[in-house]
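For reference, the structure discussed in these notes is given below.
Derivation of every value follows stated rules applied to the coordinates shown; laboratory data play no part. Every value quoted in this text rests on a predicted model; they were computed, and no experiment measured them. With ideal geometry, Cβ positions are generated from the backbone for all residues, glycine too; neighbour counts draw on all protein chains shown.
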Amino acid sequence: MKHIHVIFFTLVLLGTAPCLSQQYSLPQFYPIADSVAKYPPIGQQLVILCQKKVDQMYVSFVGTKAESKAIIAVVTPKRFTEPESLALSVTFNGYIPSTGKISTWGYIFDRNVDGNIDYLTLVSGAAAFKGDDFPESFPRRNEYFVRHQLEYFVAHCQLIFNHWADDNYDNYIDALVHVDMDSTRDWVDRHIIVHSTKFDRTFDDAWGFYYNTNEEPHLLTFTATKVPFHPLGKPDDAITWKMLDEKSAILQLLNKAVKACALTSDKFIHPESGNK
């Protein structure tokens, strides 16, 4: 029950009066959204609040039966009928971490309480996360584990969520928090924050952090169009505007569904909705 209380205490902060919500920069709001993903409503009955077919895809808004607030959005090519099939925490295929049966979903937020989604926390894979006790002697990619190393790996596996924000509320993504993998192991090493603070399709602020956004930022080498990073299970890559445009398309799809479902700001959890 402690985790459930944390979830809904956090969700109460998602929408506030616009003058307050606009004080949240992405680094300030990230811990709130991250805690929702880390403490999901496990043990509560999930229900589909509304489902609409938009642009050839089915968009489903999911909440808990007790609260009836839109917490999760699911996008599927076919009608989605089993909210209980969402894996809110990591599952395993043998000892390989997995996102479960449905992988196209995430937590949704309306920070300025205008009835539109402006922040997405999208499930993006599953992997082990480094902690401050990570042993540097741990096997590298394609090296064999012994039993105690395998147990350590499994114990540190979590779902990966990347965060995508529309910080000027124009229905386009312009800031993000993305995982950065260890270059030699399939472990999450840190997170990187990328902004276009002038909203002009150029990256002008990018830095990394290991544990929280309040620590001393780790400076990155980047350009106005590319921020290098290590992705999960792929060669080295770079965050580009193509990635943000793809997430903007998802955001716009979801907001079309919000309108089709007639979801108003009171359908998202915030103080004005009376949830404590």
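Data table
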quantity	calculated
Segment 219-243-segment 46-99 distance, computed between alpha-carbon centres (Å)	29
On Cα atoms only, tilt of 26-38 relative to the major axis of the chain in degrees	80
Fewest-first sequence of Tyr95, Tyr172 by Cβ atoms within 10 Å of each Cβ	Tyr95, Tyr172
Thr81 paired with Thr223, simple spin-label distance in nm, labels 7 Å along Cα-to-beta-carbon	5.0
Relative exposure of Ser35, Ser183, Ser137, judged by other C-beta atoms within 10 Å (fewest first)	Ser137, Ser183, Ser35
Residue among Ser60, Asn168, Ser248 farthest towards the positive dipole end of the chain, charges placed on Cβ	Ser60
0 to 90° range, to nearest 10: angle between helix 2-12 axis and the chain longest Cα axis	50
Net charge of neighbours whose Cβ lies under 13 Å from the Cβ of Asn168, counting Lys and Arg as +1 and Asp and Glu as -1	-4
Straight-distance crosslink candidates among lysines, where the alpha carbon sits under 26 Å from Lys234 and sequence neighbours closer than 8 are dropped	Lys38, Lys101, Lys130, Lys226, Lys242, Lys247
Assigned charges on the beta-carbon of Lys, Arg, Asp, Glu; the chain dipole about Cα centre (debye)	1020
For Tyr107, Tyr144, Tyr39, order by how many other beta-carbon atoms lie within 10 Å, fewest first	Tyr144, Tyr39, Tyr107
Given charges at Cβ of Lys, Arg, Asp, Glu: the chain dipole, positive-most of Leu263, Thr184, Phe229	Leu263
Helix axis angle, 241-260 relative to the chain longest principal axis, alpha carbon, degrees	30
Length added when fully stretched, Phe129-Ala66, from 0.36 nm per residue minus Cα-Cα	19.5 nm
